[in-house]
Each structure stands twice: as C-alpha cells, then as structure tokens.
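Reviewing the structure listed below.
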Amino acid sequence: MIAEPPASGLPPEPGGGRIGETQGTIGEGGLRLWLYPREVTGRFTRSRHKVAWALMILYLGLPWLHWRGDSLVRVDWYGRKVIALGHAFWVQDIPIFLPAFFSFVLLAFLGTARLGRIWCGWACPQTVFLQFLFAPIEKAIEGKSSVRKARDAGPADFAWLWRKVAKHAAFALVAAWIANSALAYFWGTRNLLYAMAHPSAENWPGLALVIAFAAVFYYVFAFFREQACILICPYARFQSVLVDEDTSVIAYDSARGERRGKGPRGSREGLGDCTDCRQCVLVCPTGIDIRMGQQLECIGCARCIDACDRTMTAWKKPVGLVRYASLRDLQGKPRSGKPWRLFAYAALALIMASASAILLARRPAVAHDLLRRGQSPYVRVGADSVLNTFTLHLRNNGSERLILMLGWDGAARGTSNWEGRSFALASGQSLDLPVDLTTPASGFIRGGADAGLVLSAPGVREEIDIRLAGPWGR
Ligand code: SF4
Ligand code: SF4
C-alpha cells in the first residue's frame, strides 16, 4: 500500500498529529502510553553495548577501588571534603575547580553542537542502566517486547502474575545494588560493608537512606523510564539552542526516503527508499517517529539507525536512510565555512581547564586560614603587652601524614612569649589550632604590627602573614 502524503506536504504521522502537537507517550485523554520498544541489533547497538558495560563497571566499581587506605573517589559529606586519588579537596578549593567545571560545560556544548545528544544516547546513566541492565532483565523474565505487549493486553492470569512479581523483585534487587553503590561514593565501601554486616538498628539513618535511594531508582527504572528524558532532563531543554545546520544528529533522509510506501520489491515506481516498515518507530525507546524530523524526545540512541539499516539490507538498498547527518548533509550542501563556534568552545574549554590545572599545581600541601578569635581585636595584658588571639584552620591536602612545626618566622622570633609547637596532621585531616600571641605594646605603630608564622615539615614551608592589632599610640 502506498501512503499518500497529506495536503500540507508533511509526511503522515501514525498518530495523525504534527511535530510539537503530539507526544509519543501520551494517549487519549492524556493517559500515558506504555512503550514496548522492539529489540534491535546492529553496529551501533553493539558499540553502545560495549560502551554501556564499560560505563556501568566504572559507575558501580569506582567506589570499590582504594588508594592509600581510602576510596579512590569519595564525597565525605560530614567532613565537607572530596577525596580523590589520596588527596583531599575542601570547600575552600571550589575556586580551583570552577574553571574546570566551566570547561566541562563548554565541552558539553561542543559535543552537542557537533554531535547532538551524543551524551544522552551513549553515556547518560539513565539510558545506560535502563537499556542495558533493566531492559535485558525484563526480556529474560517476561519475554521479548511483542510477547510482553500481548501478555499485558490479556487476562491477569498466573503466567502474567508470576512474571510481573519476579521482574519487579529483580528490579528491586538491582535498584538496591545501585543505591548501595551510589551511597558508597559518600560513605566509602568499608563503612558500607560494616553497616551491612551489623544490625540495622545500629545505623537506621543509613538504612533509611539506602531504602530511599533504592526506591527512587526502582521507580525510575521500573515505571518512569523514558519520561525522565522527555519531561525532566534539563539538558534536553537547552540542546535545541546548541545545534545548528552543521550539527550531526540522527536524521531521516527524507529526500531519499520519500515518497514512502510498502510497494512490491521489484517495482517501486514513484516511491522512495522508505518502505514504511515502521521498524524505526517500533524500536524507539521514547516512542517517536524519526521521519517527522528532529524532536525533543529523541535521545540520540541510534536504535532507529540499526533498525532501518536492517530493512535497507533486506531490501538490498544502501544503508543510511536514517543516519548521523547534519541538515546541510541532508540538503546535499557542503559544511558552512569554518566552524568558529566550535573553535571558540574548544579554545575557551582549554583555557578554563588550563586555569584549573595551574591553580591545582599551585595548591599548597598544607592550606591555612587565620581567623580572629574573641570579641575585641586585642587585649591589654598588664602595662606593656598586647594579646591577639586567632584560630588557625589547617588542612592537609596531601596524601602523607605530616609532623608540622608552627613557629615565628626569623624576623619576629623573640618578640613574643609564644614559642610555637609541633603537631601531627594526617592526610585529608583538618585542624583548628588556637594561636594566642602576646607581643610588646611598644611594637605597634598606629594600631598595627606585622608578624609572620612559619609552618614547616620536611618538604613543606608555608608562611603565614599576620597583621596584629594593638594600641594606636606608643
Ligand atoms: S528517534 Fe532514533 S535515536 Fe531518537 S530516541 Fe528514537 S530510536 Fe533513539
Ligand atoms: S525503518 Fe527505514 S524503511 Fe522502515 S519506516 Fe523507518 S525509515 Fe522507513
């Protein structure tokens, strides 16, 4: 049968609507249509499978890797620090990473401007876990999509029920596993294993967190699914302002495909290459028809490319009717000049990343903040002396335990009754040290005097400049 194009010239859409007027998962009366994306194989699916498993191993395995007694990467919520590769990073280090964050954002812009939603389709944890972990479990228990669809439409008999119970039990277990792995990024695997091995009454807040996390993951992967990409994902909202006519997105070559129609294999007189088999629609995890053009719901998963390539191969036609292509490619035009916008993103990202690298290289082994303590700037001690009180906040940024010596620098030695002290500071540890300095009142000029402390250890020397407060006149 040959589908007649409507009077508007737009290709016909199964739902009868137009781009932007319908949403693939909303049916009559606004009710959600449950999707049964058909299984697909092909070169992109195989590649995505490899990438997905590598990423899942990375996402779930990273907290189990240890370095010098702690997780390789851990967010220490209570200690207000991040541990990475044995080094501690504190709230005070945020300025170091701000340029790196902007660099990451710019690289995301660059990737989107060049390859559309490559992140969503290939690397986003939502897509990776849903399509390559939960979907295979669902298929193993309930069968392939056509079987599931038929069974869901039939009576709720025992065969339907036990499969549903088994599937949701398996989903709950996997969700709990992901939740524990997510929490391991905060607690560290040692604390996690300790909590698992001991009665939950000893750690009920932790148990409550695991249950809450697991419940969210279970709901998202068992029920919410593609709606997360369609309705919630903020990236989907602004990607349309980043793509242009040179961006390679997953696209249907309508010039080659239209006029679509089934038609006999031998004589496709007046028809394009699209056989209207709808395989590209049936495999789509967000329920859209790529032949309608670029849509917000498209997560760039390339399943429709594999599905269409199979059809093209079966019909002995060249593959690539649906493919990665820019608007200019589809129109047969060359790329537009030099991609200045991409160069600008790349250059700015490089500058920002370099700024972070420089700041990181200059980060001291031991960081300090000196804060005044008490309610007045100074206190008179007897007739001749002035007391300044401080709190010295120290942070060991390195991966080694340090024995530190805090003393006056050479110039100021002997002008105070404070003789310094030595103390240990473990890797990733912070310490608040009271520093009370009594100095002769005669040393102050117009209410101030400069002094300096030195923090030293083998290979470490940090100078701490201090402005002491004192009497205005001698
Ligand atoms: S249209 Fe194609 S690339 Fe986009 S979500 Fe559907 S199957 Fe994936
Ligand atoms: S899979 Fe290819 S041939 Fe089949 S309907 Fe989609 S675009 Fe047309």
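Exactly one residue among L173, L207 is assigned to a helix (DSSP H, G or I), within 32 Å of the chain's Cα centre (by Cα) and modelled with pLDDT under 95, and that residue is L207. Scan region 243-282 for residues that are in contact with a Cys (Cβ under 7 Å, 6 or more places away or on another chain) and within 30 Å of W340 (Cα to Cα) and the total you get is 1.
To keep it simple, each residue is scored yes or no on (1) among the aliphatic types (A, V, I, L, M); (2) outside the structural domain of A170 (by TED's automatic domain parsing); (3) touching a residue at least 24 places away in the same chain (Cβ under 8 Å).
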position	(1), (2), (3)
N203	no, no, no
G206	no, no, no
V210	yes, no, yes
E226	no, no, yes
P234	no, no, no
D246	no, yes, yes
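When we screen R48, R38 for residues that are part of a loop (DSSP other than H, G, I, E, B), farther than 28 Å from S354 by Cβ, in the same structural domain as A150 (by TED's automatic domain parsing) and touching a residue at least 12 places away in the same chain (Cβ under 8 Å), the only hit is R38.
Evaluating S146 against the criteria (1) crowded, with 18+ Cβ neighbours inside 10 Å; (2) over 21 Å from L60 (Cα atoms); (3) of a type in the set (S, T, N, Q) leaves one unmet condition, (1). If the condition is being among the charged types (D, E, K, R), away from ligand 2 (no atom under 16 Å from the Cβ) and modelled with pLDDT under 90, then region 245-277 contributes only E269. Contact map, region 448-474: first residue closer than 16 Å to L387 by Cβ and touching a residue at least 40 places away in the same chain (Cβ under 8 Å), second residue of a type in the set (S, T, Y) and not in a strand (DSSP E or B), Cβ cut-off under 6 Å, separation 6 or more or different chains; pairs are A469/Y378; G470/Y378.
The listed residues are S376, S354, and the only one of them that is loosely packed, with under 13 Cβ neighbours inside 10 Å, more than 16 Å from ligand 1 (Cβ to nearest atom) and of a type in the set (S, T, N, Q) turns out to be S376. Among the conditions (1) within 10 Å of ligand 2 (Cβ to nearest atom); (2) at pLDDT 95 or above, the only one that A344 does not satisfy is (1).
When restricted to residues that are more than 30 Å from Y78 (Cβ to Cβ) and assigned to a strand (DSSP E or B), region 422-455 contains 11. Count of region 90-117 residues, restricted to those that are within 24 Å of L60 (Cα to Cα) and crowded, with 20+ Cβ neighbours inside 10 Å, is 1. Scanning region 292-309 for residues that are touching a helix residue (DSSP H, G or I) at 6+ places or on another chain (Cβ under 7 Å) and near ligand 2 (Cβ under 10 Å from one of its atoms) turns up C304, I305, D306, A307, C308. Checking L342, L370 one by one, the residue that is closer than 30 Å to T438 by Cα and either free of Cβ contacts under 8 Å to residues at least 12 places away in the same chain or not in a loop (DSSP other than H, G, I, E, B) (or both) is L370 and no other.
Of all residues in region 399-422, those satisfying the criterion of being at pLDDT 85 or above and farther than 18 Å from E463 by Cβ are E400, R401, I403. Taken over region 236-249, the criterion of being buried (at least 16 other Cβ atoms within 10 Å of the Cβ) and farther than 18 Å from R335 by Cβ is satisfied by A236, Q239. Of the helices (runs of 4 or more DSSP H) lying entirely inside region 64-155, the ones with 2 or more residues being without any contact (Cβ under 8 Å) to a residue 12 or more places away in the chain are found at 94-115, 135-142, 145-153. Filter region 299-321 for residues that are closer than 17 Å to R46 by Cβ, surrounded by 21 or more Cβ atoms within 10 Å (Cβ to Cβ) and among the aliphatic types (A, V, I, L, M) and give the result. Those that are closer than 17 Å to R46 by Cβ, surrounded by 21 or more Cβ atoms within 10 Å (Cβ to Cβ) and among the aliphatic types (A, V, I, L, M): A302, I305, A307.
The values are calculated or read from the model by the stated rules, or taken from the named source; none is laboratory data. Please read these numbers as outputs of a predicted model, since none were measured by experiment. Please note: Cβ atoms are built from the backbone with ideal geometry, for glycine as well, and neighbour counts cover all protein chains shown.
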